[in-house]
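Note sheet for the following structure.
The values are calculated or read from the model by the stated rules, or taken from the named source; none is laboratory data. Here the structure is a predicted model, which means the values were calculated and not measured. Cβ: placed from backbone, ideal geometry, glycine included. Neighbour counts: every protein chain shown. Only protein heavy atoms, including side chains, enter the accessible area calculation; ligands, DNA and RNA are left aside. Shrake-Rupley method; radii C 1.70, N 1.55, O 1.52, S 1.80 Å.
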Amino acid sequence: MFDLIIIRYGEIALKGDNINDFISQLITNIERATKDLGDFEISTVYGRIFLYAPSSKIEKIVKRLVNVPGIISLSPAQRFRIGKKIKKFDQEDFEKLKAKVVKLFQTEVQNYPTTFKVETTRADKSFPIKSPKLNSELGAEILKNIESQATPLSVDVHQPEHQLEVEIRRGKIYLFISRETGPGGLPVQCSGRGLLLLSGGLDSPVAGWLALKRGLTLNAVYFNSPPYTSARAKQKVIDLAKTLSLYGGTIKLQIPYFTEIQQQILKKCPQRYTVTIMRRMMIRIANKLAKINNEQALITGESLGQVASQTIEGLHSSNEIAELPVLRPLITMDKNEIIKLAKKIDTYEISIRPHEDCCTIFVPDNPVTQPKLEIVHFGEEDLEIEALVERAIEKMTVLDIKENF
């Protein structure tokens, strides 16, 4: 039934003189997400992107595009073709349009009894029939034809179960009956580059997704501590990176060797400060990796007050040695909000696998919650910080995580 997809964007429309750059990037990302399905014609009109495809591929394309940041919604649609200028639309054309609308409704709406409404967007004012009249007559045609099949059906203009929409733009008429929700936000690659500190927990993948939604391009770093952390813990992080790649494209996952650093911290640093110092070492490694990859910010899954290290004092301790802005998209969220988002983006079931990361394994019984910087500095004095960071990076493995649809 469908021969195109109508793609809608939101805040991109507010970008003024730069709007075409944002739209161009969104189209590039759409092409990336569908490249293995075919080479499709794409056109634009204000507020809309049209992707034309065979009906057999429409469903697969929609499943891909609902993951593309920058898209707020999309609809499989039909074009109604007329052989003359749209302002010459006459009664013969109207009867053909009615028949097309009835056929679409009968094909797509299966759960009878049902309520519906017809909603017209008449962006092209040269179309001779006003929206209220078009809504009324098309709705009446649906009722007449469906009732003839003894199917219970009624109009509800306030909360219909189904809404058949008609869009009239630039001399063309488009028909559709569903809207699939996209992530919204901005297209990936239009806001710079960031490095995500990715663990196997619930929080950091959600933070990464929110960063992608704001237009950042992501790479990731995972701190691996064999033999204290298992191969399954590492695989969990790889699977999380694969899920994020569906939204933002290829992610370079860097896995420095963190075991020696943790052993030295446990041996030489105050026990209550081990988590704080461990976190600072992670930031130091991330600083270097971000410079290597020309990234402009670090992204973490920290949420204020969620664990002992995520107090204002703990965050200040990390910020002190960060050489780039540290973005914390989850900073004001509670756990339930984070879990809801994790389920939405399909990282939840991966994150709850029972394999521990290095942070949870080495947490002391009574970690400090309000670390004092003078004690932190004193606690780090016996560490060969630069040498430890360099060795962790030298022993690093790197994986290119590509989207696998």
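Summary of values
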quantity: Residue-count net charge about GLY171 - beta-carbon cut-off 9 Å; Lys, Arg +1, Asp, Glu -1; calculated: +4
quantity: Percentage, to the nearest whole number, of Cα pairs in segment 260-403 over 24 Å apart; calculated: 38
quantity: DSSP bridge pairs, the chain: antiparallel proportion in percent, nearest 5; calculated: 55
quantity: Extension gain from GLU137 to GLU59, taking 0.36 nm per residue of separation minus the Cα-Cα distance; calculated: 25.1 nm
quantity: Square roots of 5 times each gyration tensor eigenvalue, C-alpha, the chain, largest first, Å; calculated: 54, 20, 18
quantity: Whole-Å distance, taken between Cα centres, linking segment 88-104 and segment 260-292; calculated: 69
quantity: Within the accessible area of segment 1-140 (1.4 Å probe), percent carbon and sulfur; calculated: 49
quantity: Label-to-label distance, nm, for residues given as HIS316 and LYS340 (7 Å Cα→Cβ offset); calculated: 3.2
quantity: Distance between modelled label sites at ARG232 and GLU41, nm, 7 Å Cα→Cβ extension; calculated: 5.3
quantity: Rounded if a/c under 1.5, otherwise prolate or oblate - segment 88-130, Cα gyration tensor axes; calculated: oblate
quantity: Probe 1.4 Å, protein heavy atoms only - accessible area per residue of the chain in square angstrom; calculated: 47
quantity: Set of lysines with alpha-carbon distance to LYS343 below 27 Å, sequence-local pairs under 8 removed; calculated: LYS35, LYS57, LYS60, LYS63, LYS213, LYS234, LYS236, LYS242, LYS252, LYS335, LYS402
quantity: Inter-label distance for HIS355 and HIS158, nm, one decimal - labels placed 7 Å from Cα along Cα-to-Cβ; calculated: 5.3
quantity: Carbon/sulfur fraction of accessible area - segment 331-395, other protein chains in place, 1.4 Å, %; calculated: 50
quantity: Contact order relative to length of the chain, as percent, for alpha carbon pairs under 8 angstrom and 6 or more apart; calculated: 17
